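Single-structure report; data block below.
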Amino acid sequence: MPQTIRPAAVAGLFYPDDPRTLRAQVAQYLAQVGARAAAPKTAPKIVLVPHAGYVYSGLVAAHAYAALANAAGRIRRVVLLGPTHRVAVRGIAAPTVDAFATPLGTVRLDRAAIDALADLPQVVAHDAAHAAEHALEVQLPFLQTVLGEFTLVPLAVGHVAPEAVAQVLERLWGGDETLIVISSDLSHYLPYARAQAVDRATVQRILALDADLDHDEACGATPLAGALRVAKRHGLAARLLDLRNSGDTAGDRSRVVGYAAVAFEPRADTAGDATDATLGVALTRRARNAIADTFGLPTAAEPHHAALAQPGATFVTLHRAGELRGCIGSLEPYRPLEHDVRANALAAAFRDPRFAPVAVHEVASLEIEVSLIGAAQPLAVRDEADAHQRLRPYVDGVILEWRGRRATFLPQVWEQLERPQDFLRALKRKAGLTPDFWAADLRLHRYEVRKFKETRETTFA
């Protein structure tokens with residue numbers, strides 16, 4: 001029998017319909033992210049990606065697909081879920097065709113996997129739900145580019161309980177050969193600043209694997225909530241890759257749509273949260289003890305952690321009554337983590353040139369945060385506008401260097417300087433340059449951090 005194929009419905013609208021142009025555009029987005037350099041050795045099990053036209057959300061989506069760059073040949077099946085936009089569906093719509101087409105070729109469906117869902121009451125055969133749906137289709141050119149050959153299980157999610165989505169995902173979970181892609185935008189048509197605040201709050205819940213989402217926060221709230229449930233059951237950790245909105249890319253700022261790229265990955269060890277929590281207490285307690293000991297104040301017991309003996313780089317940030325009180329750190333690991341965090345705590349308390357040294361009466365009320373600095377990666381950009389596009393708000397710490405001048409901002413600074421333009425201008429001022437300065441030999445590096453705030457149990461009177 002001849003194959004039945006669902007033709008591309010939004011080629012020429014959401015993305016180019018010319019194969020050569022499409023390949024070039026996808027390749028450009030992935031190159032901007034630095035796909036191979038950005039890809040971890042172990043691919044994410046689940047990725048969250050946006051589904052607007054490429055001019056609006058293509059670069060954000062590329063951050064998620066870049067994380068798969070080392071998985072070509074290993075991932076052989078993609079389970080792709082997104083919301084229905086054009087046809088009302090009660091349940092989860094599965095197509096009956098054999099393949100989906102894009103200008104880059106056809107993607108064969110995993111008919112055996114789809115047929116194996118037939119006994120689930122929430123799964124319905126419904127080709128009309130897929131015929132004009134863009135949420136799934138726009139992901140395919142990225143997947144074709146990054147993964148090459150794979151089979152597809154495309155499911156359009158309508159009115160259904162998130163737990164019913166989770167049941168489907170559990171059945172399709174598989175092993176390393178199976179990738180789950182959740183297609184969803186975030187807030188819709190809010191003013192720029194309001195959208196930023198709403199989307200940041202939504203992303204914080206996503207990162208915490210909190211499945212209590214509504215459709216004002218994410219149009220794909222139902223498939224996303226189902227994915228968050230199974231991610232939590234399987235012990236995955238969520239990592240934000242990019243967050244921005246159409247006002248940052250190609251739209252005006254009066255009514256914007258939010259986009260995020262998130263990877264859900266196996267934890268580095270089975271201890272997971274417990275290991276991170278122990279390290280956080282170990283670091284913040286040592287930072288406080290270093291300051292307290294200077295004044296002869298009581299110190300608290302310091303838990304052991306194996307990482308403390310290894311080289312590490314930290315920044316120690318002090319706040320008091322909500323105001324910054326000091327921030328000093330290291331960008332490169334050149335001494336044991338144990339020594340680095342103590343030294344930087346003392347430097348933040350007593351040698352930050354912006355503030356008077358901490359006084360004894362202030363110690364008990366200090367709020368302490370330790371950022372563990374990841375390896376810095378070069379960020380090659382053509383010009384400043386390219387830098388604005390490639391920086392990842394709320395994710396990237398940035399180092400700026402030019403002819404002996406050097407300055408850095410931690411990712412936490414995005415909370416005060418939300419636009420890449422403002423972030424870079426302030427960073428240039430910090431380096432002693434004018435805000436509008438740019439030079440061909442200016443160098444940027446970016447890094448990520450693991451942030452640990454002192455808990456109530458960590459402090460003492």
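One residue stands out among those in the range 147-190 that are among the hydroxyl-bearing types (Ser, Thr, Tyr) and assigned to a strand (DSSP E or B): the one that is surrounded by the most Cβ atoms within 10 Å (Cβ to Cβ), which is SER183. Selection of the range 348-366 for residues being surrounded by fewer than 21 Cβ atoms within 10 Å (Cβ to Cβ) and in contact with a Lys or Arg (Cβ under 7 Å, 6 or more places away or on another chain) yields PHE355, GLU362, SER365. Filtered by the rule that a residue be aliphatic (A, V, I, L, M) and either in contact (Cβ under 8 Å) with a residue 40 or more places away in the chain or assigned to a loop (DSSP other than H, G, I, E, B) (or both), the range 427-453 gives ALA431, LEU433, ALA439, ALA440, LEU442, LEU444, VAL449.
Checking each residue in the range 209-247 for being more than 14 Å from ALA166 (Cβ to Cβ), without any contact (Cβ under 8 Å) to a residue 40 or more places away in the chain and among the aliphatic types (A, V, I, L, M) picks out ALA218, ALA237, ALA238. Restricting VAL78, VAL55, VAL26 to those that are touching a residue at least 40 places away in the same chain (Cβ under 8 Å) and either outside any helix (DSSP H, G or I) or small (Gly, Ala, Ser) (or both) reduces the list to VAL78.
Filtered by the rule that a residue be polar (S, T, N, Q) and either farther than 23 Å from GLY174 by Cα or part of a strand (DSSP E or B) (or both), the range 99-146 gives THR102, THR106. Filtered by the rule that a residue be at pLDDT below 95 and charged (D, E, K, R), the range 254-299 gives GLU265, ARG267, ASP269, ASP273, ASP276. Scan the range 385-403 for residues that are crowded, with 19+ Cβ neighbours inside 10 Å and part of a helix (DSSP H, G or I) and the total you get is 2. Among the conditions (1) surrounded by 20 or more Cβ atoms within 10 Å (Cβ to Cβ); (2) hydroxyl-bearing (Ser, Thr, Tyr); (3) assigned to a loop (DSSP other than H, G, I, E, B), the only one that SER254 does not satisfy is (1). For VAL316, work out the one condition from (1) assigned to a helix (DSSP H, G or I); (2) over 30 Å from PRO50 (Cβ atoms); (3) aliphatic (A, V, I, L, M) it doesn't fulfil. Condition (1) is where VAL316 drops out. Selection of the range 386-426 for residues being free of Cβ contacts under 8 Å to residues at least 12 places away in the same chain and acidic (Asp, Glu) yields only ASP422. Note on the range 424-461: residues that are over 30 Å from SER365 (Cβ atoms), of a type in the set (Phe, Trp, Tyr) and modelled with pLDDT under 95 amount to 1.
The values are calculated or read from the model by the stated rules, or taken from the named source; none is laboratory data. None of the values given here were measured: they were computed from a predicted structure. Backbone-built Cβ (ideal geometry, glycine too); neighbour counts: all protein chains shown.
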